[in-house]
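Everything on this sheet refers to the single structure shown next.
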Amino acid sequence: MKALDELTFDNRFARLGDAFSTHVLPEPIAAPRLVVASPAAMALLDLDPAEAETPVFAELFGGHKLWAEAEPRAMVYSGHQFGSYNPQLGDGRGLLLGEVYNEAGEHWDLHLKGAGQTPYSRMGDGRAVLRSSIREFLASEALHALNIPTTRALCVIGSDTPVWREKQERAAMVLRLSPSHVRFGHFEFFYYTKRPEQQKELGEHVLAMHFPHCLEQPEPYLAMFREIVERNAELIAKWQAYGFCHGVMNTDNMSILGITFDFGPFAFLDDFDAHFICNHSDDQGRYSFSNQVPIGQWNLSALAQALTPFISVEALRETLGLYLPLFQAHYLDLMRRRLGFTTAEDDDQKLLEQLLQLMQNSGVDYSLFFRRLGDESPEQAISRLRDDFVDIKGFDAWGERYIARVTREGEADQALRRERMHAVNPLYILRNYLAQKAIDAAESGDYSEVRRLHAVLSNPFEEQPGMESYAERPPEWGKHLEISCSS
Ligand code: AMP
Ligand code: MG
């Protein structure tokens with residue numbers, strides 16, 4: 001276990017130089033204080049969890065202090081936003097503080113979000129509000145606990161610094177951890193600004209740091225692109241399987257590591273709704289829940305375009321063709337497990353689609369349905385769940401097919417089935433209303449609810465005594481919360 005001043009830095013991205021990022025110092029927030037820290041994320045840096053309670057912790061992650069070895073930089077990138085190319089983006093309110101190596105030899109970028117203005121701030125104030133920082137923190141750690149690849153969050157630091165959004169709010173900072181902060185938009189920036197040398201430098205950096213095994217392949221860039229396609233297909237399969245809606249799948253919010261990146265107006269589904277739009281500003285529903293699948297491919301094509309200096313168009317096209325079949329295979333595999341199947345049958349896809357249609361028509365709670373399906377024997381579960389469906393006859397017919405399907409697997413041990421299903425079907429989900437309750441309390445200075453919710457979500461598959469209320473469907477007020485991009 002290390003103390004805060006014992007971290008080992010090696011800032012390789014900063015050394016790429018000024019064409020890739022700009023030196024900027026964090027602008028401190030007033031009266032910095034710990035809102036919440038993640039002991040599991042601290043462990044990634046070998047940090048003693050007790051360090052979070054020290055005054056220097058809030059000073060470091062509130063922008064007041066810096067390690068001598070840190071080299072804070074704002075990265076430049078561009079990207080496609082809602083389908084249109086924006087030639088100039090970049091870290092407008094976040095800084096890569098430095099890169100830390102842990103004792104296992106793993107590499108973690110320390111990125112401080114809400115650290116003040118940079119050359120890429122455009123009209124923005126460089127700040128993040130408490131509400132959005134808490135949402136990013138909770139989502140990162142909740143997704144990780146669900147085994148969904150994501151950036152991590154070390155802590156949220158609150159402050160007295162006022163910031164203006166629709167109303168006056170308080171500034172906060174969130175410390176994000178990721179093995180890399182390189183986005184699809186990084187490659188797009190050097191491609192569209194016609195800087196092949198620098199694009200090659202970026203490519204070589206990314207290959208060496210994050211895809212070293214691809215360097216042994218005859219075409220390293222192609223091998224890397226293939227892996228990016230595979231990882232994103234798997235990531236989006238997990239989003240769809242667990243009802244996670246990202247909300248702003250612009251190419252500047254897509255990680256080359258295929259991990260969930262940049263949290264804005266995201267939401268987990270409460271009622272199942274394939275057409276759900278979590279981003280209040282997404283009028284056309286470009287990033288609706290079911291559109292995430294084709295948008296994943298669209299984004300990979302945008303990356304492919306930027307990689308044409310390195311890879312033939314034919315090879316790029318062929319590799320892009322892997323995305324949908326890979327997505328489908330992963331998704332079906334996950335959903336079979338959520339349904340409690342241990343084998344594969346040809347009709348499983350149809351059985352799943354019929355279920356989702358019934359859930360859609362009746363507005364059935366997506367997460368709780370699967371959890372309850374594993375609570376009891378298939379017969380008992382179906383007879384209990386049928387009351388949630390408007391089309392009871394339709395659900396009964398589905399239930400008969402489901403029971404027959406389970407019976408064909410010949411599993412007699414209900415306890416084993418329950419254990420297996422509960423291990424993939426979470427009881428606790430970061431529902432928007434739960435986040436909102438924690439945010440409301442935090443905005444009035446009480447951080448206990450954020451901490452409690454974080455603890456519950458860190459262990460989503462296990463029933464936690466006394467925490468029943470966190471597993472409930474949203475109350476009426478919490479069903480259709482409007483979350484905007486403004487954060
Ligand atoms: P996002 O919607 O958070 O992915 O941000 C899109 C772009 O806007 C990124 O380049 C951000 O750095 C920038 N940005 C977002 N909010 C702010 C802000 N308050 N101040 C400056 N830049 C911002
Ligand atoms: Mg972003």
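The values are calculated or read from the model by the stated rules, or taken from the named source; none is laboratory data. The model shown is predicted, which means the values in this text are computed figures rather than measured ones. Note that we place each Cβ from the backbone using ideal geometry, even for glycine, and neighbour counts take in every protein chain shown. Calculation scope for accessible area: heavy atoms of the full protein, side chains included, ligands and nucleic acids excluded. Shrake-Rupley method; radii C 1.70, N 1.55, O 1.52, S 1.80 Å.
So the values come out like this:
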| quantity | calculated |
| --- | --- |
| Computed log₁₀ I(q)/I(0) - Debye formula, equal Cα scatterers, no solvent, segment 421-487, q 0.20, 0.21, 0.27, 0.29 Å⁻¹ | -0.88, -0.95, -1.26, -1.31 |
| Length added when fully stretched, ARG15-LEU66, from 0.36 nm per residue minus Cα-Cα | 16.5 nm |
| Cβ crowding within 10 Å averaged over residues, with 25-32, 144-151 ranked highest first | 144-151, 25-32 |
| Gap separating the Cα centres of segment 123-193 and segment 410-460, nearest whole Å | 21 |
| 4 °C / 1.567 mPa s Stokes-Einstein diffusion coefficient of segment 4-184, Kirkwood radius on C-alpha pairs, µm²/s | 78 |
| Over segment 122-231: Kirkwood hydrodynamic radius from C-alpha pairwise inverse distances, Å | 16.8 |
| Sum of -39500 (n - 2.57) over DSSP H runs of 4+, divided by residues of the chain (222 nm, nearest 500) | -12500 deg cm²/dmol |
| Heavy-atom surface of segment 339-422, accessible at 1.4 Å and reported per residue (Å²) | 50 |
| Alpha-carbon Debye profile of the chain, log10 I(q)/I(0) at 0.07, 0.08, 0.09, 0.11 Å⁻¹ | -0.38, -0.50, -0.63, -0.94 |
| Restraint check, LYS167/LYS437; LYS393/LYS479; LYS113/LYS437; LYS2/LYS65; LYS238/LYS393, Cα-Cα greater than 21 Å | LYS393/LYS479; LYS113/LYS437; LYS238/LYS393 |
| Förster radius 35 Å - calculated FRET efficiency between SER444 and GLN88, Cβ distance, rounded to 0.05 | 0.35 |
| Extension gain, ALA329 back to ASP346 (0.36 nm per residue minus Cα-Cα distance, nm) | 4.9 nm |
| Compactness relative to 2.2 N^0.38 Å, alpha carbon Rg of segment 366-456 | 1.46 |
| Label-to-label distance, nm, for residues given as TYR192 and SER486 (7 Å Cα→Cβ offset) | 2.6 |
| The chain, accessible surface, carbon-and-sulfur percent (1.4 angstrom probe) | 51 |
| Diffusion constant of segment 82-163 at 37 °C, which comes from Stokes-Einstein with the Kirkwood Cα-pair radius and 0.692 mPa s, µm²/s | 224 |
| FRET efficiency, ARG286 to TRP164 (Cβ-Cβ, R0 41 Å, nearest 0.05) | 0.90 |
